[in-house]
Every structure is written in structure tokens, then in C-alpha cells.
Amino acid sequence: MAIISLSYKYLERLTGTDTETILERLPMIGSEIERMEADHADVEFFPDRPDLFSVEGVARAMRGFLGIEMGLPRYNVKPSGIRFTIDPQLAGIRPCLGSAIIRNVTFDDESILSIMALQEALHWAVGRGRSKVAIGIHDLDTVKPPFHYIASPRSRTFVPLDFQKELTMDEMLAEHPKGRDYAKIVRDFPLFPLIIDDEDHVCSFPPIINGELTRVTTKTKNILLDTTGTDQKAVGIAVNIICTAMAEAGAAIESVEINGEQTPSLAPTERIVDVAECCRLIGVSLTAQEMAQLLSRMRFGAKPAGKGKLRVQVPCFRADIMHDWDIFEDVAIAYGYENFAAEISPTFTIGRAHPVMVLAGTVRAILEGLGYLEMMPFTLTNERVLSDAMGRERSPGTLALMHPISEEHMVVRTDILPLILEMLQVNRHRELPQRLFATGDVITSRTTSQRLAAVSTHGAADFSEVYGVVDAVLRELGIAYAVQESGDPAFIEGRRADILVDGKVYGVFGEIHPAVLNAFELEHPVAALELDLRAVPGCLVP
Amino acid sequence: MRGILLEMGFTEIYGDIIQSSFWNFDALFQPQDHPAREMQDTFYLRDEMPLPQGWERLRDMHEHGGETSSTGWGGRWDTRKAQQCVLRTHTTSLSIQHLVAHPDPPVKAFCIGRVYRREEIDPTHTPEFEQLEGIVMDKGVSFRHLLGYLKEFYGRMGFEDVRFRPAYFPYTEPSVEPEIYVDGLGWVEMGGAGIFREEVTVPWNIKEPVLAWGLGVSRVAMFRLGLKDLRLLYRSDIDWIRTTPVLRPVKPVQERGA
């Protein structure tokens, strides 16, 4: 999540109203105020709105939302006359480049902090941790155009940011903190991406680190922006967001020539949308004029285009507008979520419970009636609990997670009884008797089915007690069953039985083996049962 | 909650914990490079599932927006990535499959089930938890009705004060985050909701809008039971169960004039 720090002073200056008014309405454009400090607020914005990841961007949106300045913000872009070349060898490495010249920057601490935070947030939200897009900001007056984006030997040396001595690019991956963080993006390439000026001075080694030479300070007046990546659309959006934010802060934007094209243009894109479709979707009736008015609050340009259509100009910094409905959501936000007449639709339908859940409910009612407490153990467990502690063979059908989060949670349960015994272990110092059950999904191979497991522990828990419970449960479930001597090693020989339905084993019950009790650190006898609920007549068999 | 939704005329959905990435992510228009799909957030299994019929329409949707006004995500959509099996990260994977099987309106359905996220265990996070999800698909339903369903549902649970804030979810547009008022805590977030994007519904010939909302059931349990540590739900102290009243009555619906 992107949490952006909004300085009250800077925000008020850019928005043109007081902080209280801004913060009161801010959540209603889609944000969450995390905390309010004496001089700033930390606010979380959604990943689809990277244009709000700076004080400048937030001020622009809030001026519209509060009616201070509405409609499409316009940005003038003059050609800088500067050219940027791209080395064709970068094709398989990091082919996309965006750039701009940003002049007349007046960096004070607040605007520097805002732009640095914007850069970091864009790396995360648009750049996917710099792999898709990485952004470099340089002091233009330290280098000489034209600039060249090249594929360089890994042995090339320069002084990286925050270092005093030259390192090879290979060494940077091991020795520079940023190198270590992002090495995995470039490690396997034979040549590394590098940006140099016309006199072979290094500006940056994207996506890893800038050179010390072009460091931006409070004295910087003019900026060279480089944005590199693997996706041209994402690179373009990052350039647009940074340039328009800097323009909001008073800078002048100039374009750069890349592959014979002037970029960026910062011009809006256009969409023709249907007014009636919008009204149907959000459930409010609006005229084309009213809809245009609402969109101008969200900083779109919008004019009725006849025949119930609206011509919408989408600002160049809106990364999220992929579909007409994305525009309709902005209409709803401008209308105000608090102003909708919330009402359920009159559709008549009959509720239907799912048979699996109905059966689970029946099983619960039976066990609760027998005085058992329901437990809700995890479905993730490990082979030590599932098989080893039970004295059972590990099953080849147990599903293992590829990247488990802990040794406790390595596989999906194939059985519930071991997990209920674990519950007894957790509660071994609590008062006896304890009678617990759990029912739910188990998975063997890829087949999901439902099981029931129940345990009773106290000084006199024995075969007869659990036999009585088995008989009650199966009778209530309408299952005709037989029992036979079981060979399950989790139970004591001679005090264990399989539950047979139509000649097939569906469950087991008896007294838990002392070795198993030991494994779960239990000191009192435990009588237990487990039952595959596929034994129930009419049960859905997957 | 199950009782409330059955009373409100919803059909219950139940389905597999193991899902293909196709149904868990791709069908919900999550881009293939979305961070939530990474190994550090999702439990993957060393197993693959074949793609369902009609997968090409979904590929087109991702690559260029198919026949809708969408631009799609661009880039190439990888069939191998879509075939990987995961432990479902939300029950929405079941909702979309229910709609694919029942594309004609009206559909009102819900699901309450275990979902999985690769999170370290702490008092408010567990790698598995219960999620509830409801969907309404019908002619003429709109965002206004979605807000209506949310108010009705939370009201029946005893949360009378509900308000709405804009939100973002990859598969809904518009999106909304309901907040409920809890005595002693103030306004708290309670799940998310929205209307399924066309990129989600059009590949399956679902022609009417789909209202959808979801919430963490465990979170409600925390408020209702005054629970400070989620782990207690799954690794319960028997003394806690024995002494915690679970069935505290909520005011009957009629008395609130609903």
C-alpha cells in the first residue's frame, strides 16, 4: 500500500484552502487517513491511482473535488532540443525509455521530499519493484546532452550515489545497498543498462543506482528525468505523473527527442461514453450536462457530444482509466457515495442451502447434543502431526505447499483427528472431562471431502464410551453400519474398530494408543472417532 | 450470517479449496504480474489444472480488452501461469464459476468458506481465515442497490450505522468500502464491495450487472466476541469457549421496522 505523507503547509499552499476542509473530504475521493501528526498527515492511497502519490497530485485532485478549480488541467510542453539515443542491444535487456527536461525547479525541503516519495511509490505501484519501471532524477546542469541509453560491459566503472570511490557495475550489485536490493532484476544479463551523457559521464545504471555526479540538491534548477523499463505504457505513465506533479509545483516541462519523436506530450486521451450506460450502472439519473459537471470535479474534460454521448478528455496522469466504467466510477465519487439512495433490488428469489453445509449443520447438531464442543482447527498442518505422531504411514496423496510459511503449516490436512488431538495438547492443563469435535474439508490428492473427528478425554474414557457416540451419530445420520477389528496403529490393539458401510471402511474409533498420547503430551486416556461423511446416504460424492 | 443470507433469498455456494490461478486470479482480471500473485503472498501447489473452455476470450480480455471498451493490461497472457494450482485466496473464485454455470438472471448467491494468504501468524493475521461473499446478478441492478444490500445485510447483523467510501479492487468498478459503527471503537472498515468489471463478466456471456461484496467473517467474530487474538478461533482455549457467550441475541428484524 502506498502511504503518502502530506505536509499541511505545502498542501494548503497548493490547494488554496485549509487543511481541515481538505482532510475532512479526502477519504471521499478514495483514501484512508492513517494518522494525523502536528505538521503532516499520513494517508493511504489505492494502487490504481499513482497520480495521488504526491502532495502536488493530491492538491490537484482536491482543488477539483472541492470546486476550487475544476476541469482538465492543461500543461504546456516546449521542445528542449535535447536528444536521447537508445542502443539496439538493449532489446532483450530493458528496452523502454521515457524522459523529460524539467526547468525552473525551486526545490525546498517539502517539494524534494514529496518528489522523492512519489518516485519511491511509483517504483512500487507502477514499477513492480523497479523491474517494470525505474525512475532516475538528475541535475541537468552537471552533464552535457545529447544523452545515450546504452548496453554496457559489466566491468564499466563509475562513482555510484552515496559513494566516494569508483566501482564496477558488477561490484555495485554486491557492495551498494541498492545494488543488493535490486540485483535480481539485472543479474543474468550479459550487458547492463547504462545512461551516459555526450562526454561519456555516467548519469545512471538503471534500475539500480544513479551516479554521484548528477546528484539533485536544493540548489538544483533544472532536471533530467530518465525512466526505463520493460513496458512502454507503464514507462510513459510514470513520466506523465512525475512531470505533471512538478508542473503543479511551478516547474516548466520540456520534451526530449527519442527515436525521432518528441516526448512527453502530456496531452489528454479521449473517450466517448454513453450517459445512459453510466446512469444504469450507478443507479442515478443524470443529464449529459450534469454528468459533464461531475466529471470536471474529478479533473476530466467533458462535453456533451450529442445522441446521449459525452466526449471525455482523460488527463495524461490517470493510469487507471482502462474502460468506460472507470470513468463512471469517478462520476459516482463526484456525486458522493453518501448521497446515494441505498435500496435493495425488488428481485424475488428463494434461498437455498448447499447440501454439504446442511450435512455439516446436522453433524454439528448431533455432536453438540452429545455434549461435545466444536473446534475449528486450521486445514494447514504438517506430516509430523498428521502421520508421524499418529504412528501412521505418510500418505502419497498429501498435498504439500511449494513455499510454506512455517514448519507448522506445510501440507493440507487429509484427516482431522490429529488436529483435534493437538487441541487436547493445547488444553492439557484445563479441567477434565474434555469432549471436542471438528468437522470440515480434508483433501487427498486433489479430491475434497468432509470428515468428522471427535475425542473424549478423562480418567475413564474408553472403547464403550466412544462406541456409544459412534452408534448415536450413525443412527442420527441414517447410516446402516457394521464394525470389525481395526488395524489402525493410532489406536490400542483390541480396543479399536473400523466402521463399515456397504462393506467399505468409512471410519475408525477406539482408545488412542499410549505412544500417540505421548507424542501429543497427553496424560489421560483418550477415546476417539473419525468418520468420512461420504458414508451418509445421498451424500454428494465428488 | 448464513441464516441472514438464506432469509434474504440467497443460494449457498460451496466449492474446492484448491483452484487454478485461472479462476482465482485471471478470471477476476488480476494482471499476471500483480504482486498478490507472487509466491510470497499466495500458497502455490506443485500441480496444474487444464484451462476451461472459452479461456481464449479471457486471454483476449487481458491482452487488449476483448470486445469491450477496455484497453486490457497489454503484454502477453501466459497460459502456464493460469494453470498453476493455488489454495484459494478468496471465495470470489467460486462466485465467478457459479455465474459461469448460471449466466441467466436473476442470481443471488453467497459463500462462506476458508481462504488462504501467505501471512505470518500474529494476533490479527492467520494464514487461513473465513470469508463471506455475496453476489446479486439481475436486470436493472445498480451501484445504488449494492449499497442497499450492504445496509440491509449489516443491519440484520446488528450494525445499524453503515457508511460508504470509495475503494479499489482489481475486479470491481465502481468499488466501495463499507464502514460500520462499533461502540467503543468508532467507524471500522468491514470488507469490500463493487460491481464486477465487464472484463470479468463479458468473457462468459454474463449480460447483467453483478453486485458483489465480501468480508472477513473472523473480523466480525472479533467484534462480536470481543476477541483480541484471532489465533484463539483456530487453536482454542477450552476455558475461553466454555465461558464466552456466542449466541447473544440480536434485536429481531421486525422490531427495527425492516
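The values are calculated or read from the model by the stated rules, or taken from the named source; none is laboratory data. Everything numeric in this text was worked out from a predicted model, so none of it was measured. Please note: Cβ atoms are built from the backbone with ideal geometry, for glycine as well, and neighbour counts cover all protein chains shown. In case anyone asks, the SASA skips ligands and DNA or RNA and just uses the protein heavy atoms, side chains included. Shrake-Rupley method; radii C 1.70, N 1.55, O 1.52, S 1.80 Å.
Brief remarks on what is shown
- Of the solvent-accessible surface of region B:52-123, computed with a 1.4 Å probe over protein heavy atoms with every protein chain present, carbon and sulfur atoms account for 44 percent.
- Largest to smallest accessible area among A:Asp18, A:Asp39 [probe 1.4 Å]: A:Asp39, A:Asp18
- Straight-line cross-link reach from B:Lys81 at under 15 Å between alpha-carbon atoms covers these aspartates and glutamates, not counting any fewer than eight positions away in the same chain: B:Asp26, B:Asp33, B:Glu38, B:Asp47, B:Glu48, B:Glu56, B:Glu63.
- Rule-of-thumb Rg ratio for region A:298-363 [Cα; 2.2 N^0.38 Å; N residues]: 1.96
- Sorted largest first, extent of region B:106-192 alpha carbons per principal axis (Å): 43, 30, 23
- For B:Thr89, the residues 5 or more places off, or on other chains, whose built amide H falls under 5 Å of its own are B:Tyr116.
- Net charge in the neighbourhood of A:Gln484 (other residues with Cβ under 11 Å of its Cβ; Lys, Arg +1, Asp, Glu -1) is -1.
- Taking the chain by itself as reference, region B:162-193 contains these residues with an accessible-area loss of 50 Å² or more in the full protein complex (1.4 Å probe, heavy atoms): B:Arg165, B:Pro166, B:Tyr168, B:Glu173, B:Pro174.
- Once backbone amide H atoms are built at 1.01 Å from N, A:Leu399 has A:Val412, A:Ser445 as its partners under 5 Å, excluding neighbours fewer than 5 places away on the same chain.
- For the protein assembly as shown, the fraction of alpha-carbon pairs in successive 10 Å shells from zero, as %: 2, 12, 20, 21, 18, 13, 8, 4, 1, 0
- Debye equation applied to the C-alpha atoms of region A:172-322, log10 I(q)/I(0) at 0.15 Å⁻¹: -0.92
- Accessible surface buried once B binds A (1.4 Å probe; total of both sides; Å²): 7200 Å²
- Taking the centroid of alpha carbons for each part, region A:141-177 and region A:494-542 are 67 Å apart.
- Separation between Cα centres of region A:14-59 and region A:79-115, rounded to whole Å: 27 Å
- Accessible-area composition of region A:1-158, carbon plus sulfur, in percent [1.4 Å probe]: 51 percent
- Each residue of region A:381-388 was assigned a 3J(HN,Hα) from its phi angle through the Karplus expression (A = 6.51, B = -1.76, C = 1.60, θ = phi - 60°), giving 8, 9, 5, 4, 6, 5, 10, 4 Hz with x at Gly and Pro.
- Degrees, to the nearest 10: A:417-426 long Cα axis against longest axis of chain A: 80 degrees
- 3J(HN,Hα) couplings calculated from phi for region B:3-19 with the Karplus curve 6.51 cos²θ - 1.76 cosθ + 1.60 (θ = phi - 60°) are, in sequence order, x, 4, 5, 5, 4, 7, x, 8, 8, 7, 10, 9, x, 5, 6, 8, 10 Hz; Gly and Pro show x.
- Helix A:232-248 and the longest principal axis of the C-alpha atoms of chain A enclose an angle of approximately 60°.
- For B:Gly9, nonlocal amide neighbours, meaning residues 5 or more places apart or on other chains whose placed amide H falls under 5 Å from its own, are A:Gly351.
- Gyration tensor over alpha-carbon atoms, region A:341-500, equivalent ellipsoid semi-axes in Å: 30, 23, 17
- Reported to the nearest whole Å, the Cα centre-to-centre distance from region A:196-222 to region A:257-276 is 29.
- Computed from the Kirkwood radius of its Cα pairs, the Stokes-Einstein diffusion coefficient for region A:425-542 at 37 °C and 0.692 mPa s stands at 220 µm²/s.
- Placing unit charges on the Cβ atoms of the charged side chains and taking the dipole of region B:163-225 about its Cα centre, the candidate lying farthest along the positive direction among B:Val210, B:Tyr181, B:Ala193 is B:Tyr181.
- Subset of A:Lys78/A:Lys307; A:Lys132/A:Lys309; A:Lys78/A:Lys233 violating a 28 Å alpha-carbon distance limit: A:Lys78/A:Lys307; A:Lys132/A:Lys309
- Region B:197-209 - phi-based ³J(HN,Hα) in whole Hz, Karplus 6.51/-1.76/1.60, Gly and Pro as x: 5, 4, 4, 8, 8, 4, x, 10, 6, 8, 9, 9, x
- Under 18 Å from B:Lys207, Cα to Cα: lysines that are on another chain or at least 8 residues apart: B:Lys108, B:Lys139
- The accessible-area loss of region A:326-363 on complex formation, taken against its chain alone with a 1.4 Å probe, reaches 50 Å² or more at A:Glu329, A:Tyr337, A:Ala342, A:Glu343, A:Ile344, A:Ser345, A:Thr347, A:Thr349, A:Arg352, A:His354, A:Met357.
- Relative compactness, region B:40-114, computed as alpha-carbon Rg over 2.2 N^0.38 Å: 1.28
- Under 23 Å from A:Lys219, Cα to Cα: lysines that are on another chain or at least 8 residues apart: A:Lys9, A:Lys144
- Average accessible surface area per residue within the protein assembly as shown, 1.4 Å rolling probe, Å²: 41 Å²
- The candidates B:Asp237, A:Asp109, A:Asp170, A:Asp188, arranged from most to least accessible area with a 1.4 Å probe in the full protein assembly, appear as A:Asp188, A:Asp109, A:Asp170, B:Asp237.
- Relative to the Cα centre, the charge distribution of region B:86-129, modelled as +1 at Lys and Arg Cβ and -1 at Asp and Glu Cβ, gives a dipole magnitude of about 140 debye.
- Each residue of region A:91-178 gets 145 Å³ once the volume of the Cα convex hull is shared out per residue.
- Cα gyration tensor category, rounded, prolate or oblate, for chain B with a/c compared to 1.5: oblate
- More than 23 Å apart - percent of Cα-Cα pairs taken over region B:135-258: 44 percent
- Cα long-axis angle, helix A:55-65 against chain A (0 to 90 degrees, to the nearest 10): 90 degrees
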